[in-house]
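Take a look at the structure below.
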Amino acid sequence: MKGFKLFGDYACEFLVITLLVAASAILIIPFIPMLTGVTGYFKTDINTRRFKDIFTTIGKNWKILIFYTVFQLIIIIFPVLNIYFFNSHPENTNYFVLAICCVALLVGVIYLVTAPTVIVNMRVSLRQLFYNGIMLLFGGLLRSLISVACVAGIVALVLFCPYAVPLTLYAVPLLVAKLMGENFIKLKAKALNISVFELKKQQKEDDYLDENGEISRPELVENSDEEI
């Protein structure tokens, strides 16, 4: 029975997250806040997270999300439109502009991967967000490469096979959130001069206990003021 319940939880989660992310992507502007909210949602265990965590995360970080959203819209939307135009009209291809678009798109993909985790776990300015986003990549290069490849794959699907994109809107945010979360923990443990195991154990011990001594779902707490 436990296995069926877990399957049902994941199936429900898949449908809801896919619909929310797809709707925000269609509307364009809410997409970046939604991606950050989903990252905050995936921060906790399947047995404790609730869908309202998505909107709680957005609400707690709305100020930085405004600036981050404008940045991402500029650095991703315009290159995607240019690349799509060049693919549709190869006779008008300007290779200098195309190269700039590809570089800008790579930068945008990197911050799509790293910035939501930084925002969820820290209180940062836009400048600090850019710095810590790059630093987060070095928390685990293999995990970072996998994450960047997954997000780049979605961008490629948007350009060449958009009908397949909805199938990725749950799995990729989940994978990226988990991988970048591990990177963040590794960097935080290094800053605190303790092992990753000790830090995870310490975080688990900080969870609230219910009246029966069981770990209950803690409410989302304020983000840390410290930088990576």
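The values are calculated or read from the model by the stated rules, or taken from the named source; none is laboratory data. Since this is a predicted model, take the numbers as computed values, not measurements. Don't worry about glycine lacking a Cβ; one is built from the backbone with ideal geometry, like all the others, and counts go over all protein chains shown. These accessible areas exclude ligands, DNA and RNA; they are computed on the full protein's heavy atoms, side chains included. Shrake-Rupley method; radii C 1.70, N 1.55, O 1.52, S 1.80 Å.
Based on this model, can you work out whether D45 counts as of a type in the set (D, E, K, R), assigned to a helix (DSSP H, G or I) and either modelled with pLDDT of 95 or more or closer than 17 Å to N121 by Cα (or both)? No, not satisfied.
Scanning the stretch 157-182 for residues that are small (G, A, S) and surrounded by fewer than 14 Cβ atoms within 10 Å (Cβ to Cβ) yields a total of 2. Scanning the stretch 27-81 for residues that are small (G, A, S) and open to solvent by 30 Å² or more (accessible area, probe 1.4 Å) yields a count of 1. Selection of the stretch 48-101 for residues being under 25 Å from the mean Cα position of the chain (by Cα) and not in a helix (DSSP H, G or I) yields T48, R49, R50, F51, N61.
The residues of the stretch 1-14 that are open to solvent by 80 Å² or more (accessible area, probe 1.4 Å) and more than 16 Å from V172 (Cβ to Cβ), listed by number, are M1, K2, F4, K5, F7.
Taken as a whole, the stretch 190-209 holds at least one residue that is modelled with pLDDT under 95, aromatic (F, W, Y) and within 22 Å of T57 (Cβ to Cβ).
Take the conditions (1) touching a Phe, Trp or Tyr at 6+ places or on another chain (Cβ under 6 Å); (2) under 28 Å from D53 (Cβ atoms); T93 misses just one of them, which is (2).
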